[in-house]
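Here the structure comes first, spelled out in structure tokens, and everything after it is commentary.
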Amino acid sequence: MSSLKTKPAPTTPARAALAAAVADVVLILVFAAIGRDAHHREEPVLGVLLTAWPFLAGAAAGWAAARVWRSPLAIARAGVPVWLATLVGGMLLRALTGQTVVLPFIIVATLALAVLLVGYRLLVAGVVRFRRRQGR
């Protein structure tokens, strides 16, 4: 009789990396959706993806370059590199593909992506610090 082998559950660091990656993707899609909505563009789903893909590619490059999976919720080692790679990579890819890159958009994207991609990591760090102080 053979025994059934099951995979072990993902480790806590793997879960944190997966959660951070999903959060980054969702927040970049939210950024793109808000921008598309503000400009009343046609084709909401396809339009959001068209707006988001350069930023998603930039974020992926940031994850790889900074090896974010090692400490995905760290502010300085993950949040800032992902934010900057998302912004710079996204703007470069937009420019290379003929999409709009103007100073007001760069300013808004800089601020919005910082709030989204660094902001949730700051919130997580605050919750962790609070729980440690409470003895949990």
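Counting only whole DSSP H helices of the chain, the ones at least 30 Å long by C-alpha along their axis and with mean Kyte-Doolittle hydropathy no lower than 0.5 are 12-38, 44-66.
State in Å² the accessible area per residue of the chain; use a 1.4 Å probe, count heavy atoms of protein chains only, and round to the nearest integer. Please list the in-between numbers first.
Numbers: 9150 Å² over 136 residues.
I get 67 Å² per residue for this part.
The values are calculated or read from the model by the stated rules, or taken from the named source; none is laboratory data. Fair warning: this is a prediction, and the values are worked out from it, not measured in the lab. Side chains included, ligands, DNA and RNA excluded: accessible areas come from the protein's heavy atoms. Shrake-Rupley method; radii C 1.70, N 1.55, O 1.52, S 1.80 Å.
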